[in-house]
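Student: There's a structure below that I have some questions on.
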Amino acid sequence: MINMKKVQVKDLRPGMVTAEDIYSIDGQLVLGKKIILIDKNIEKLDSFGIYSIKVEDKAVSVDTTMNEAPPSYSERVRSKPEFIEFKENFESHVDMLKTGLNQIAESNSSIDAENLVSQTLTLMDTMDHSVGLMDMLINMRDYDDSTYAHCVNSAIISNIFAGWLNLSKEDRIMATTCGLFHDIGKIKVPESILKKPGPLTKAEFEAIKRHPLDGYNILDAAGLDEEVKNVALMHHEKCDGSGYPYGFGRDKISFFSKMITIVDIYDAMTSKRVYRDEICPFDVIEEFEKEGFDKYDPDMILTFLRNVSNSFIGFRVRLNNGLEGEIVFVHPEHLSRPTIKCSNNKFIDLSVHKDIKISAII
């Protein structure tokens, strides 16, 4: 028979062995029986507000390296040579786009659209599949985001999205072009408004709402394709007529505008802003699920959300109950609530446990 004793959590030490399953106050398994404690386990017990547990009388020696958590998926991605190269190329491309668009704003010079799109496609060649590119983008959310970074992100995601929709090579290039130039009108909006940390006044919001028309006029003067101009004009229109600047319904909104609207919102919400941190992608997916069929093209939004959700399989996440785990399955009918495999080999199906949600991708 194994002897055991009760020990307060504050007095636990690495090497002690749990003598029984340990549950939180709401009945959730926190640690199983026969677990050799390391610092991370002890911190978890404390985070759940557990005062004391039963441990076996005899402790075991613990390799100090056990206290070092294995690198997360994000950390592994960021350490790869491809990511380092991609990040350098991305930042260089953003700087080039910024220089080019600012020249347009200051001197009404022409846009070398073909070269900028070509450079964007070259940037994408750093990886050869869409999930790899989504990995790259989600791991750059600490980038000092701006209109220019958002445009590059949108161009890349639009290209990926076009592939998910099985569009032709020509249409994928068109989607990339539309994503790259959709927000060009914001170069007419004062930086003080774009980077204001607090709520906008009514007048400031009206200035923001003029950027679609400004974008159309800039691209029209530069002689760009009608599709690209229409996306600049319509990327804030919604299929239910609730968008701006004209309140168009689904029949008046162009095909590529419907695409870029989805991409624009997804990238903007999952990126850091001066007035807020980035929003967890699964919170954004949930918002889309709630309103998608009314405000967005149904086929497009379903295709986008299914593919984006599945691109996170294998990612490590933190749940709102403090547990961490890996996304192992995405439910086709509940895209924002996947199944998580936690470190104790317990599977949590978020489509069943409605009180638990993903709070962050780590």
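Student: I need every pair where a residue in segment 269-291 that is at positive phi has its Cβ under 8 Å from the Cβ of a residue that is open to solvent by 40 Å² or more (accessible area, probe 1.4 Å), sequence separation at least 6 or different chains.
Tutor: Note: no pairs meet the criteria.
Student: Do you know which of the residues in segment 317-333 that are touching a residue at least 40 places away in the same chain (Cβ under 8 Å), surrounded by fewer than 22 Cβ atoms within 10 Å (Cβ to Cβ) and outside any loop (DSSP other than H, G, I, E, B) is nearest to the chain's Cα centre (by Cα)?
Tutor: Among residues in segment 317-333 that are touching a residue at least 40 places away in the same chain (Cβ under 8 Å), surrounded by fewer than 22 Cβ atoms within 10 Å (Cβ to Cβ) and outside any loop (DSSP other than H, G, I, E, B), the one nearest to the chain's Cα centre (by Cα) is R318.
Student: Those residues that are part of a helix (DSSP H, G or I), buried (at least 19 other Cβ atoms within 10 Å of the Cβ) and either more than 25 Å from the chain's Cα centre (by Cα) or in contact (Cβ under 8 Å) with a residue 60 or more places away in the chain (or both), I need them from segment 234-256; list them, please.
Tutor: Of everything in segment 234-256, just one residue is part of a helix (DSSP H, G or I), buried (at least 19 other Cβ atoms within 10 Å of the Cβ) and either more than 25 Å from the chain's Cα centre (by Cα) or in contact (Cβ under 8 Å) with a residue 60 or more places away in the chain (or both), namely F256.
Student: Could I ask something else about it? Regarding D112, is this residue open to solvent by 10 Å² or more (accessible area, probe 1.4 Å), at pLDDT below 80 and among the charged types (D, E, K, R)?
Tutor: Considered against the rule, which asks whether it is open to solvent by 10 Å² or more (accessible area, probe 1.4 Å), at pLDDT below 80 and among the charged types (D, E, K, R), D112 comes out as no.
Student: Next question, about the same structure. Can you tell me which residue is modelled with the lowest pLDDT among those in segment 57-93 that are part of a loop (DSSP other than H, G, I, E, B), over 20 Å from the mean Cα position of the chain (by Cα) and surrounded by 14 or more Cβ atoms within 10 Å (Cβ to Cβ)?
Tutor: Among those that are part of a loop (DSSP other than H, G, I, E, B), over 20 Å from the mean Cα position of the chain (by Cα) and surrounded by 14 or more Cβ atoms within 10 Å (Cβ to Cβ), it is V62.
Student: What is the residue count in segment 6-30 for residues that are modelled with pLDDT under 80 and assigned to a strand (DSSP E or B)?
Tutor: 2
Student: Picking from T261, T303, which residue would you name as being hydroxyl-bearing (S, T, Y), surrounded by fewer than 19 Cβ atoms within 10 Å (Cβ to Cβ) and either more than 30 Å from S47 (Cβ to Cβ) or out of contact with any Cys (no Cβ under 8 Å at 6 or more places or on another chain) (or both)?
Tutor: T303
Student: Does I187 fit the bill of being of a type in the set (A, V, I, L, M), in contact (Cβ under 8 Å) with a residue 40 or more places away in the chain, under 21 Å from T122 (Cα atoms) and open to solvent by less than 40 Å² (accessible area, probe 1.4 Å)?
Tutor: no
Student: Could I ask something else about it? Scanning for something under 21 Å from the mean Cα position of the chain (by Cα) and open to solvent by 20 Å² or more (accessible area, probe 1.4 Å), does segment 165-182 turn up at least one residue?
Tutor: Yes.
Student: Residues of segment 205-233 being open to solvent by 70 Å² or more (accessible area, probe 1.4 Å) and out of contact with any helix residue (DSSP H, G or I) (no Cβ under 6 Å at 6 or more places or on another chain), which ones?
Tutor: Passing the criteria: F205, E206, R210, L213, N217, A221, D225, E226.
Student: Next question. Determine the pairs where a residue that is on the phi < 0 side of the Ramachandran plot and without any contact (Cβ under 8 Å) to a residue 12 or more places away in the chain, located within segment 195-219, has a partner that is surrounded by fewer than 16 Cβ atoms within 10 Å (Cβ to Cβ) and outside any loop (DSSP other than H, G, I, E, B) with Cβ atoms under 8 Å apart, the partner being 6 or more residues away or on another chain.
Tutor: L200/I193; E204/I193
Student: Can you name every residue in segment 271-284 that is more than 27 Å from N344 (Cα to Cα) and in contact with a strand residue (DSSP E or B) (Cβ under 9 Å, 6 or more places away or on another chain)?
Tutor: The answer is V284, and nothing else.
Student: For segment 116-229, please list each of the helices (runs of 4 or more DSSP H) lying entirely inside it that holds at least 1 residues being over 30 Å from I362 (Cα atoms), modelled with pLDDT under 95 and among the polar types (S, T, N, Q).
Tutor: 191-194, 211-221
The values are calculated or read from the model by the stated rules, or taken from the named source; none is laboratory data. Fair warning: this is a prediction, and the values are worked out from it, not measured in the lab. With ideal geometry, Cβ positions are generated from the backbone for all residues, glycine too; neighbour counts draw on all protein chains shown. Please note that ligands, DNA and RNA were not included when accessible areas were found on the heavy atoms of the full protein model with its side chains. Shrake-Rupley method; radii C 1.70, N 1.55, O 1.52, S 1.80 Å.
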